Each structure stands twice: as structure tokens, then as C-alpha cells.
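Beneath this line is the structure, given in C-alpha cells, with notes to follow.
Every number in this text was worked out from the coordinates using simple rules, so none of it is lab data. Since we're looking at a predicted model, the values are computed, not measured. When we count neighbours, we look across all protein chains shown, and the Cβ atoms used for this are built from the backbone with ideal geometry, even at glycine.
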Amino acid sequence: MYQPINLDSHSSFKQLQPGRIVRGILPQEWVTIVAVELRNQPDSRVVTYRDRWGSVGTQVISASQIDSLEIASPQPRSFDGNGTLFRLVSEAYRIKHIDLVENLLAIHTSRIEPLPHQITAVYETMLRRQPLRFLLADDPGAGKTIMAGLLIKELILRGDLKRCLIVCPGSLVEQWQQDLKERLQLDFKIIDRDWQIPDKQYLPQTTC
């Protein structure tokens, strides 16, 4: 935050020093003074500045233009904010955008050691082609549960999946639920014929 201070003709060019932040050289924009040079005319200066985008420019400032310039005076900052709340907000933003820098987030936050073919199927094929539909088929014991779980968890962490329904043979329901819970920390609820449908707002986020 900056508190603008109007310059006047008495200040001359004394306050136009390198490193100062000034408004008025460019319309309604703060710039940083890089250098101030004296040329042939004593009542003007050649000011080199850098704008907020990093671009460098040069402009001749005369003594009559000094009155229209404002120099920034940094306001004192207080550090009496809620540190716990700041930490929570910053952590939320970090988690929200972590997929931009961490491509294997679901793997690193799970208790699994995926095989190369599982990583290839999930991260190099399915995730790169969202929202296409896929039929994931492989030999028994190839780790289809892990691959499906990785895809589900990665989509959840990226904010692309809110609810998930898994339909599987009755004999495998509890095994799927246990594997997803223990290996991927995905908490699925089992829905069978005895399960009564509650209000829509109380539907579980993940069901099996």
C-alpha cells in the first residue's frame, strides 16, 4: 500500500531518485525510477523508469510537470492479523493449485507403490484426455482397482470430481471399499437393498 505525496516546484528534482515509486509519468500508474539524467536544459531531466510489468521506458520531465507527480510513501504495515487463519487460507490456495506443480499428487498422498503400467494408464492416457470416457480392462491381478482409485482420487484433488458411484459385483463390494480406504484414503459408503435413500443434501459424496 502506498500513500501518495504531491510534489511541488520547491522540491525540484531532488526527490526523483532511483528506486522511488512515482505516479504521473504514465497515466494513473505507479512506476519505479531507474535513473535520472541531466541533459542540456537545466530545468528538465530525462527519467528512466520501469512499470509494473517490468518494461523500461524513458521520458523527459520538465520543472513545470513536477506539480503533477505523486511520490509513494510506504504506509507502515501492522502484523497483528490472525496467523492461524492466514496459514489456513494459504494452505487452501496451495492445495487448490498443487496439480500445476505436482503431477503425481494422488500417488504421493496414498499408501501404494504403483507399477509402471498403472502410472502410464492413469497419468499418460486417462487424465490427459478428460472428459473422455474410458473402458479400463486388464488381466486379473493387474491392479485395476488401483488404477481406478488413482484416477478417482486425482480428479477429486484437482476439483474435477464431486461425486462418484462405483458399480461392482456383490462379492467384491467390501473388498473394493477396503482397498480404496486403506490404500487411497477414499471413504466409500456401501449402498445395498437395505439402504434407504435420505434427503438429497445428505447423500454421501462417494458411494460403492
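Annotation: amide H of R20 within the under-5 Å range of I33, sequence separation 5 or more or interchain, hydrogens built in the peptide plane.
What does the charge dipole of the range 86-196 about its Cα centre add up to, to the nearest 20 debye, if the Cβ of each Lys and Arg holds +1 and the Cβ of each Asp and Glu holds -1?
It works out to roughly 440 debye.
In summary, the lysines within cross-link reach of K153, defined as a Cα separation below 30 angstrom excluding same-chain residues under 8 places away, comprise K96, K144, K162, K181, K189, K200.
Once you keep just the Cα pairs under 8 angstrom separated by 6 or more residues, what percentage relative contact order results for the range 13-139?
15
Straightening the chain between E70 and Q15 buys 18.8 nm, computed as 0.36 nm per residue apart minus the Cα-Cα spacing.
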